[in-house]
Amino acid sequence: MTGIMDDFMTYQQELVNGLGVSISLALLTFALGLPGGLLLAVASFNRAKAVRILAVVFVEVGRGTPALVMLQLVYYGLPVTLTAFLSAAIALSLTTAAYTSEIIRGGLRGVPAGEIEAADALGLRAFHTMRDVVVPQGLRIALPPLLGFCIIMFQATTLAFTIAVPELMAQAKSIASSNFHYFNLFLIAGLLYALITIPASIFTDRVADKLARHT
Amino acid sequence: MTENVWTFVAQGISNTIGLTVLGFSLGALLGIPLVAMRFAPLAPVRWISGTYIQITRGVPLVVWLFLIYNGPTQFDPSLGSVFTSWLSALLAIGLVSGAHMAEIYRGSLRAVPLGQREAGGALGMTQVDTAARIIAPQMLRTAIPASATYAIGLLKDSSLASTIGVFEVTFYANTAAGTSSSAVPFLVAGVYYLALTIPSAWGARHLETRLSRKVLR
Amino acid sequence: MGHGISEAIVDPIQRPDSPAIRLHNVDKRFGEHTVLDQVSLSVDPGQVLALIGPSGAGKSTLLRCINLLERPTGGTITVDGVTIEAGHTVSANELAKLRSRVGMVFQSFNLFPHMTALKNIALPQQRVLGRSKKEAEDRAHALLKRVGLADKAQQYPTRCSGGQQQRIAIARALALDPKVMLFDEPTSALDPEVGLEVLRVMRELADEGMTMAVVTHEMQFARNVSDHLVVMSQGRILEEGDPRQIFANPQQQRTREFLRAVLERE
Ligand SMILES: Nc1ncnc2c1ncn2[C@@H]1O[C@H](COP(=O)(O)OP(=O)(O)O)[C@@H](O)[C@H]1O
Ligand SMILES: [Mg+2]
């Protein structure tokens with residue numbers, strides 16, 4: 001146990017920096033991926049069939065491809081050279097967009113038909129009905145599963161170590177391979193991840209309870 | 001390379017499927033005692049299983065993989081030959097999916113109306129009997145589609161096992177990409193995963209509608 | 001929500017004596033099922049039309065055809081000089097034009113629960129009529145006052161009683177300065193005493209000269225407030241005319257049976 005504490009104190013700087021990179025990567029992923037998911041969800045209700053089909057294909061491919069494969073594809077496959085960090089953010093946000101579009105779609109569908117009808121009867125354009133009536137309420141309905149998914153995507157940032165992004169897992173791995181304290185360092189990494197994910201999932205449950213009570 | 005990249009990457013399919021099926025089975029079994037503990041009359045027992053589930057799900061799978069694969073060698077390097085890539089991946093996936101499956105069981109148990117649980121008692125059935133005859137079949141109707149969805153997710157997550165050297169689809173894609181310095185093998189891997197997951201997802205959806213129709217009847 | 005290229009006929013000349021609403025041989029089928037069968041009727045400006053009849057008669061469908069929430073499968077519909085022929089595609093512009101002339105109030109209120117009462121009334125004005133926020137909110141305040149809810153401006157719909165919600169919904173429709181108001185059983189979801197608040201607002205509206213078409217189960221309202229009564233059954237008009245006359249002396253056997261049944265319940 002002291003060994004674990006010692007390792008943590010010795011490599012505190014690297015580990016905390018790594019966690020910082022993990023968090024920034026997650027935040028950039030959400031900033032790109034969540035609007036993408038909303039866009040795909042709205043597109044899946046589009047009047048034009050071609051748009052709907054395109055959205056469905058994107059979502060199915062995005063959901064069917066493992067995040068790790070997506071990561072390698074973006075990093076090695078894009079014709080432009082991007083930093084590993086940016087490649088990871090793009091790949092993870094593609095996955096995020098595909099998954100969250102389904103979650104958001106469910107939320108949008110949860111908006112009562114009567115309200116959409118009222119908006120129609122008032123003469124609101126389809127775009128305004130979507131933006132002012134359906135989206136705000138649909139996102140509210142979708143909030144708990146969206147938060148849950150964000151926790152999963154935060155965990156998925158670990159995959160970025162495979163393309164040498166210096167996030168927490170990469171740091172733990174590199175330290176461990178120099179001092180051979182594999183168990184200690186991976187345990188520390190795991191605890192640091194849990195330090196964020198467990199409170200986040202408790203928070204998510206609270207939000208879900210609160211929303212359930214208010215409707 | 002490009003001609004046989006398809007066959008090269010395909011060598012990993014059996015391991016991808018094997019790891020998914022065995023890991024899921026292990027998780028499905030492990031989930032049973034965990035969910036039983038969640039409903040135990042003793043508070044500490046409930047607490048232990050709740051904490052176990054929370055922590056297991058809160059730590060990324062990649063960390064579990066490396067913790068099990070490399071961790072033991074810190075204490076005894078010879079343990080490296082015990083915790084092989086394959087065994088470590090199986091244990092990590094089993095561990096994590098056990099926690100998820102326990103939550104799926106819990107959710108489907110909650111979906112069974114409370115009245116039916118009580119009605120069983122009123123009819124003079126013992127608790128175990130009630131559980132086996134009335135609750136379990138109903139639970140399965142909601143648990144099966146949710147588990148199917150989870151298993152499909154696991155198929156994609158099994159790609160992470162490549163990071164500790166399990167010879168599955170992504171591992172072969174990685175190797176091929178390394179030697180050919182092109183991203184095509186990953187495209188091939190992506191196609192294989194889609195070919196495996198999309199039909200399974202359709203199957204799961206079909207199963208779900210069939211089961212929900214049965215419930216309505 | 002939107003529709004293709006316009007071919008609908010817009011009549012620019014509106015004679016002062018032309019009806020505010022005119023339906024001519026309107027048909028509505030859902031697949032094989034005929035819900036409206038050659039319905040013709042007209043409502044003059046300032047008139048109040050009451051529509052009664054057993055459940056499933058097609059009253060809601062008829063009302064919803066007037067603002068094209070349902071597309072009629074046959075016939076023509078004219079509202080305030082805008083004529084729409086069944087079968088022709090209607091452009092988004094024309095649809096907006098038609099709907100801006102017609103206000104609708106639903107049985108289930110259908111307020112937007114994530115907006116305050118004030119915003120429920122102001123936002124459609126901004127979006128549909130292009131009013132400024134200030135103009136729209138001033139109008140919303142004035143209308144809330146008119147329906148007796150001046151103090152509810154900042155309240156969310158779920159915090160209001162059913163009767164209050166329905167009055168907010170009426171204010172929301174009125175805010176767009178419609179030429180015609182449609183009401184689909186506006187009090188059916190309310191307790192009788194609460195329904196009275198709503199009926200009072202509707203009566204005031206009628207007295208001020210609003211053209212209205214009201215589907216209702218409130219026989220008092222039909223008898224005392226409406227100018228014209230239409231009795232529907234199985235997608236057709238059974239009989240129509242002066243409400244007092246029909247109540248006193250129904251011509252059709254089916255009307256008699258229906259009236260006896262509802263009046264007994266009261
Ligand atoms: N969208 C629809 N699809 C199919 N049938 C419908 C639809 N809307 C209404 N109907 C049918 O039309 C008939 C008339 O309905 P409605 O206009 O609601 O009657 P009312 O308002 O007089 O009770 C009913 O038989 C109803 O089932
Ligand atoms: Mg009706």
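The values are calculated or read from the model by the stated rules, or taken from the named source; none is laboratory data. As the structure is a computational prediction, the values presented were derived from the model and not from experiment. No Cβ is skipped: glycine too gets one built from the backbone with ideal geometry, and neighbour counts run over all protein chains shown. Accessible surface is based on the protein model in full, side chains and every heavy atom, while ligands, DNA and RNA are left aside. Shrake-Rupley method; radii C 1.70, N 1.55, O 1.52, S 1.80 Å.
Please give the per residue volume of the convex hull enclosing the alpha carbon atoms of region C:41-90, rounded to a whole number of Å³.
Roughly 85 Å³ of hull volume per residue.
With 20 Å bins from zero, work out the P(r) of the protein assembly as shown over every alpha carbon pair and list the percent per bin.
It works out to 15, 37, 29, 17, 3, 0, in whole percents.
Express the accessible area of the protein assembly as shown per residue in Å², computed with a 1.4 Å probe while the remaining protein chains stay in the model. Can you show the working numbers first?
On the way: 32370 Å² over 698 residues.
Ligands and nucleic acids excluded, the figure is 46 Å² per residue.
Once you list every other residue whose beta carbon is under 15 Å from the beta carbon of residue C:132, what net charge do they have if Lys and Arg are +1 and Asp and Glu are -1?
It works out to a net charge of +3.
Determine, at each q value in 0.17, 0.18, 0.20 (inverse angstroms), the log₁₀ of I(q)/I(0) that the Debye formula gives when each Cα of region C:189-266 is one equal point scatterer.
Debye output, listed in q order: -0.72, -0.80, -0.97.
Counting only residues 5 or more places away or on other chains, whose amide H sits under 5 Å from the amide H of residue C:75 once H atoms are built in the peptide plane?
Close amide H contacts, sequence-distant or interchain: C:27, C:86.
How big is the C-A contact in terms of buried accessible area, both chains counted, 1.4 Å probe, rounded to the nearest 100 Å²? Before the final figure, lay out the partial values.
Working: alone 12780 and 12060 Å², together 22940 Å².
Counting protein atoms only, the buried area is about 1900 Å².
Under a straight-distance cross-link criterion of Cα-Cα below 20 Å, which aspartates and glutamates are reachable from residue C:145, leaving out those fewer than 8 residues away in the same chain?
Correct list for residue C:145: C:135, C:137, C:177, C:197, C:204, C:207, C:208.
Give me the percent of accessible area attributable to carbon and sulfur for region B:14-168, probe 1.4 angstrom. Don't skip to the end; give the middle numbers.
Numbers: 5000 of 7120 Å².
On region B:14-168, the fraction of accessible area on carbon and sulfur atoms equals 70 percent.
How big is the C-alpha Rg of region B:14-168 next to the rule-of-thumb value 2.2 N^0.38 Å, as a ratio?
Working: Rg = 18.0 Å, N = 155, 2.2 N^0.38 = 15.0 Å.
That ratio works out to 1.21.
Please report the net charge: other residues with Cβ closer than 13 Å to the Cβ of residue B:46, K and R +1, D and E -1.
Neighbourhood net charge equals +2.
Mind checking B:49-62 for the average number of partner chain beta-carbons within 10 Å of each residue's beta-carbon?
Going residue by residue through B:49-62 and averaging, the value is 6.
When the Cα atoms of chain C are enclosed in a convex hull and the volume is divided per residue, what value in Å³ results?
Numbers: hull volume 35.5 nm³, N = 266.
Looking at chain C, the number lands at 133 Å³ per residue.
Give the cross-link partners of residue C:179 among the lysines, using a straight C-alpha distance below 18 Å as the criterion and excluding same-chain residues fewer than 8 apart.
Result set, ordered by chain and number: C:97.
Between residue C:181 and residues 5 or more places away or on another chain, which pairs have amide H atoms under 5 Å apart, with H built 1.01 Å from N, and which residues are they?
Placed amide hydrogens put C:103, C:211, C:212, C:213 under 5 Å from residue C:181.
Counting only other chains, and only Cβ atoms inside 10 Å, what mean value do you get across the residues of A:99-107?
0
Counting only other chains, what is the mean number of Cβ atoms within 10 angstrom of the Cβ of each residue in peptide A:183-191?
Numbers: counts 9, 2, 5, 12, 5, 1, 6, 10, 4.
Averaged over the peptide's residues, the number is 6.
Would you kindly derive the ³J(HN,Hα) couplings of region A:5-21 from the backbone phi angles with the Karplus curve 6.51 cos²θ - 1.76 cosθ + 1.60 (θ = phi - 60°), listing them in order in whole Hz, with x for Gly and Pro?
Each residue's phi maps through the Karplus curve to give 4, 4, 4, 5, 5, 4, 10, 3, 4, 4, 5, 5, 4, x, 4, x, 5 Hz.
Between region C:18-51 and region C:218-266, what is the C-alpha centre distance in whole Å?
17
Sort C:169-178, A:128-137 by the packing proxy (mean of other Cβ within 10 Å over each peptide's residues), most packed first.
C:169-178, A:128-137
I'd like the distance between the alpha-carbon centres of region B:134-166 and region A:190-215, rounded to an integer number of Å.
23
Lys and Arg at +1, Asp and Glu at -1: add these up for the other residues within a Cβ distance under 14 Å of residue A:44 and post the number.
With Lys, Arg at +1 and Asp, Glu at -1, the neighbours total +4.
Measuring from the lowest to the highest alpha carbon on each principal axis, how far does chain A reach, largest first, in angstroms?
Per principal axis, max minus min of the Cα coordinates gives 70, 47, 22 Å.
Which of the lysines could be linked to residue C:28 by a straight reach, that is with a Cα gap under 22 Å, when you skip same-chain ones fewer than 8 residues away?
In chain and number order, the partners are C:59.
Which of the helices in chain B, when you take each full DSSP H run, stretch at least 20 Å along the axis at their Cα atoms and have an average Kyte-Doolittle score of 0.5 or higher? Kindly include the intermediate steps, with their values, before the conclusion.
Details: long enough: B:13-38 (36 Å, 1.49); B:43-58 (22 Å, 0.01); B:85-111 (39 Å, 0.77); B:136-157 (29 Å, 0.40); B:184-216 (48 Å, 0.59).
Result, helices passing both filters: B:13-38, B:85-111, B:184-216.
Do you know which residues of region A:65-81 lose at least 30 square angstrom of accessible area in the protein assembly compared with their chain on its own, with a 1.4 angstrom probe?
The answer is A:66, A:68, A:69, A:72, A:73, A:76 - residues whose exposure falls by at least 30 Å² when every protein chain is included.
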